[in-house]
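K.L.:
The structure under discussion is supplied below as C-alpha cells; questions concerning it will follow.
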Amino acid sequence: MKENHPFHVLIVAAGSGTRLGGEVPKAYREISGTPILTRTVRAFLKTFEAQGATIASGERVENIHIVIAAEHRALYEAAMAQLPVTLPAPIIGGKDRKGSVYNGIKSLSHLKNEDILLIHDAARPFVRMDDISNLVKALEGNCVAATLAAPVSDTLRREGGETVDRSSLFAIQTPQAFRVRIIRQAHEKAVESFTDDAGMVEALGIPVRLVEGARDNIKITTPKDLIMAEEMAMAKERIQTRTGMGFDVHAFDTSRKNMILCGIEIPCDRALAGHSDADAGLHALTDALLGTIGQGDIGSFFPPSDPRWKGVNSMIFLEKAVSLVHEKGGRIVHADITFICEIPKIGPHRTAMQEVLGAALGLPPGQIGIKATTTEGLGFLGRKEGLAAQALVSVEFPA
Ligand code: MG
C-alpha cells in the first residue's frame, strides 16, 4: 500500500472530551472492549482493503496520521497495539481542535499539493467504508473540497418560535476531504475560529461539496452517545453470514458462434442455446444470491415462458437479485463460480469477468473466484454437448 495509496487521512484525537466525563480521554474510552480510536483507524484500514489493497500483518501503513495530546502517549501506544499494523509516529496537537489540525497539516509537508487528505474526528468510529469511498470519489474532476453530511430528519423548531424548514438542512460530519493545497491555504489564512475544516475552506470562497453519509456516523460526545455506541457496536457484531448456491446448464448450439459467460463475449465455434442470452455463469450466480434470501430461483422472477426475457442480457437477472439482497440488508462479501466444460477456455477471460462481476456485486477482484474444470471427457459435458456453471456466494446479514 505505502505512499501510492489514493488518499491520506489525518485523525484528530487530541481532545480530552470533557463532556463525556470519566477519567480516560474520549478517544481512548472503550466501546465493547475496544478503544474508540482503534475502531476509527480500523474503519480506514478496512476501506483501503475494500479498495483492493492487501495489508500484511505488521505492515507500516504510511497513509494514516493521528494527532494526539502529548500526555496521552501511553494510552495511544496501548490503543495502537491492538491493530495488526504500525502507523507513522503520532503528531502532537495544539491548544484546540483547529490548532491540532494545523499541526497535523504542517507535519505532513511531504504531501503533494494535489494529494487528497481526509480530516476525521477520532470520535466517529462508525464511519462506513462506502461513505469514505464516495467522499474520495467526490474529489474527482474540479471539486477540491467535500464533506460527509447527513440530511436532517427530525422536525426542527426554534424555542418558542416557528418550525424551521429542514429540507435544505444537513448535519455536517467528518471525514472531510480536501486537495492538500486547499486545506493548507485555509489553515494558513484562518483567523476566525471554525468548528470544522470545511467551514474554513468555504470562508475562502471555495465551494464544499456535500456527500450524503449514513446517520449512524455519530460523534461520541456525551455519556448517552457512549451508551448508544455500545448498542450499535453490539448490533454490528451480530452478523449472520449466509451461503447461497446456484447451478445451471445450457446446451451448445452449433448453428451459431460465440457465447456470453459472466457478461463477457467469448469467441467460440459454437453458441449456447437458451431463452435469454444463455449466460450460465450469471444464471448460477443469480440463483446463489436468491438462495441467501429464500426467494426461489431465477425462474420465479423471469419465467422462460415470458417472451419479454427472450434474448435478454442476463445482467438484468443478476441486478434484480443483488437489489433484493440489498433490500434485506445483505452485504455481499464473496462470490465463487466454477465452469464445468471442455470448451471454451475460461482462464483468458477471468480478469474481464472479475471486472464485470465486481461492478455488479460491489466487490474487489480478490473476492470473486472464477474457475474452470472438465469432467475428463465423461458425460454430456465431456461430449461437448453443453456447459455447466456452479456458483457459491457469501452474504452478511444483520442477525
Ligand atoms: Mg440458465
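The values are calculated or read from the model by the stated rules, or taken from the named source; none is laboratory data. As the structure is a prediction and not an experimental result, all values here were calculated from the model. Methodologically, a virtual Cβ is constructed for each residue, glycine included, from the backbone with ideal geometry; neighbour enumeration extends over all protein chains shown. SASA here: full protein model, heavy atoms, side chains in, ligands and nucleic acids out. Shrake-Rupley method; radii C 1.70, N 1.55, O 1.52, S 1.80 Å.
K.L.:
Between Asn113 and Thr375, what is the label-point separation in nm under the 7 Å Cα-to-beta-carbon projection?
P.N.:
Taking the two extended label points, one gets 6.5 nm.
K.L.:
Which of the lysines could a cross-linker span from Lys95 if the Cα-Cα distance has to be under 23 Å and same-chain partners fewer than 8 positions apart are dropped?
P.N.:
Partners within reach: Lys26, Lys106, Lys189, Lys219.
K.L.:
Quantify, in whole percent, the carbon and sulfur part of the accessible surface of the chain (1.4 Å probe; protein heavy atoms only). Intermediate results must be reported in sequence, preceding the final value.
P.N.:
Working: 9870 of 19240 Å².
That share works out to 51 percent.
K.L.:
Expressed as an acute angle from 0 to 90° and rounded to the nearest 10, what is the orientation of the C-alpha long axis of helix 180-189 relative to the principal long axis of the chain?
P.N.:
Helix 180-189 and the main axis of the chain meet at about 20 degrees.
K.L.:
Using the Karplus equation 6.51 cos²θ - 1.76 cosθ + 1.60 (θ = phi - 60°), what ³J(HN,Hα) coupling, rounded to whole Hz, does each residue of segment 325-331 give in order, writing x for Gly and Pro?
P.N.:
5, 4, 4, 8, x, x, 10
K.L.:
Also, I was wondering about something else. Using modelled amide H (1.01 Å from N, peptide plane; none on Pro or chain starts), what sits under 5 Å from the amide H of Val164, excluding residues fewer than 5 places away?
P.N.:
For Val164, whose amide H was placed from the backbone, the distant partners under 5 Å are Leu156, Arg157, Arg158.
K.L.:
Return the percentage of antiparallel bridges among DSSP beta bridges fully within segment 267-399, rounded to the nearest 5 %. Display every interim value, and only then the final one.
P.N.:
Details: 9 of 15 bridges.
Rounded to the nearest five, the antiparallel share is 60 percent.
K.L.:
Right, next: Averaged per residue, what accessible surface does the chain expose to a 1.4 Å probe, in Å²? Spell out each step's value before the answer.
P.N.:
Numbers: 19240 Å² over 399 residues.
On a per-residue basis, 48 Å².
K.L.:
Per residue Cα convex hull volume for segment 246-399, in cubic angstrom?
P.N.:
Details: hull volume 16.5 nm³, N = 154.
Per residue, the Cα convex hull of segment 246-399 comes to 107 Å³.
K.L.:
Another question, then. If one takes the longest principal axis of the Cα atoms in the chain, at what angle in degrees, from 0 to 90 and to the nearest 10, does the Cα axis of helix 36-50 lie?
P.N.:
Orientation of helix 36-50: about 30 degrees from the principal axis.
K.L.:
Between Glu59 and Ala203, what length in nm is gained on full extension when 0.36 nm per residue of separation is reduced by their alpha carbon distance? Provide the component values of the computation, followed by the final result.
P.N.:
Numbers: separation 144, 0.36 × 144 = 51.84 nm, distance 3.92 nm.
My answer for the length gained is 47.9 nm.
K.L.:
Also, I was wondering about something else. Extension gain Ala273-Ala50, at 0.36 nm per residue separation less the Cα-Cα distance, in nm?
P.N.:
Values: separation 223, 0.36 × 223 = 80.28 nm, distance 3.72 nm.
Residue separation times 0.36 nm, minus the Cα-Cα distance, leaves 76.6 nm.
K.L.:
Would you kindly derive the ³J(HN,Hα) couplings of segment 160-175 from the backbone phi angles with the Karplus curve 6.51 cos²θ - 1.76 cosθ + 1.60 (θ = phi - 60°), listing them in order in whole Hz, with x for Gly and Pro?
P.N.:
Whole-Hz 3J(HN,Hα) from phi for segment 160-175: x, x, 8, 6, 8, 5, 8, 4, 10, 9, 10, 8, 7, 10, 10, x.
K.L.:
Between Ala70 and His326, what's the calculated FRET efficiency when r is the beta-carbon distance and R0 is 35 Å? Round to 0.05.
P.N.:
Between Ala70 and His326 the formula returns 0.15.
K.L.:
Under 19 Å Cα to Cα from Lys137, which lysines show up? Leave out anything in the same chain fewer than 8 places away.
P.N.:
Lys137 reaches Lys46, Lys112.
K.L.:
Can you list the aspartates and glutamates whose alpha carbon sits under 12 Å from that of Lys320, skipping same-chain ones fewer than 8 residues off?
P.N.:
Partners within reach: Asp287, Asp297.
K.L.:
Further, regarding this structure: Starting from the amide H of Asp279, placed 1.01 Å from N in the peptide plane, find each other amide H under 5 Å away whose residue is 5 or more places distant or on another chain.
P.N.:
Here the answer is Ser314, since their amide H atoms fall under 5 Å of that of Asp279.
K.L.:
What angle do you read, to the nearest 10 degrees and between 0 and 90, between the alpha-carbon axis of helix 97-107 and the longest principal axis of the chain?
P.N.:
Taking the Cα atoms of the chain, the angle to 97-107 is about 70 degrees.
K.L.:
If you average the C-alpha positions of segment 248-285 and of segment 292-341 separately, how far apart do those two centres end up, in angstrom?
P.N.:
16 Å
K.L.:
What's the local net charge at Ile36, with K and R +1, D and E -1, over the other residues with C-beta under 13 Å away?
P.N.:
On the way: positive: Lys26, Arg29, Arg39, Arg42, Arg124, Lys219; negative: Glu30, Asp121, Asp225, Glu230.
Every neighbour counted, the sum reads +2.
K.L.:
Find out how many positive minus negative residues lie around Phe301, taking Lys and Arg as positive, Asp and Glu as negative, among other residues whose Cβ is under 13 Å from that of Phe301. Before the final figure, lay out the partial values.
P.N.:
Values: positive: Arg308, Lys320; negative: Asp287, Asp297, Asp306, Glu319.
Taking every Cβ under 13 Å from that of Phe301, the sum is -2.
K.L.:
Need the C-alpha centroid separation for segment 90-128 versus segment 161-182, integer Å.
P.N.:
19 Å
K.L.:
Counting only other residues whose beta carbon sits under 12 Å from that of Asp248, what net charge do I get with K and R as +1, D and E as -1?
P.N.:
Combined, the nearby Lys, Arg, Asp and Glu give -3.
K.L.:
Could you give me the ³J(HN,Hα) list for segment 79-91, computed from phi with Karplus coefficients 6.51, -1.76, 1.60 and θ = phi - 60°, whole Hz, x at Gly and Pro?
P.N.:
The phi angles translate into 5, 6, 5, 7, 8, x, 10, 10, 10, x, 3, x, 9 Hz.
K.L.:
Report the Cα centroid-to-centroid distance between segment 19-78 and segment 215-234 in angstrom, as an integer.
P.N.:
When both Cα centres are located, 17 Å separates them.
K.L.:
Relative to the present Cα-Cα distance, how much length would full extension add between Lys137 and Asn258 at 0.36 nm per residue of separation?
P.N.:
Numbers: separation 121, 0.36 × 121 = 43.56 nm, distance 3.69 nm.
Roughly 39.9 nm would be gained on extension.
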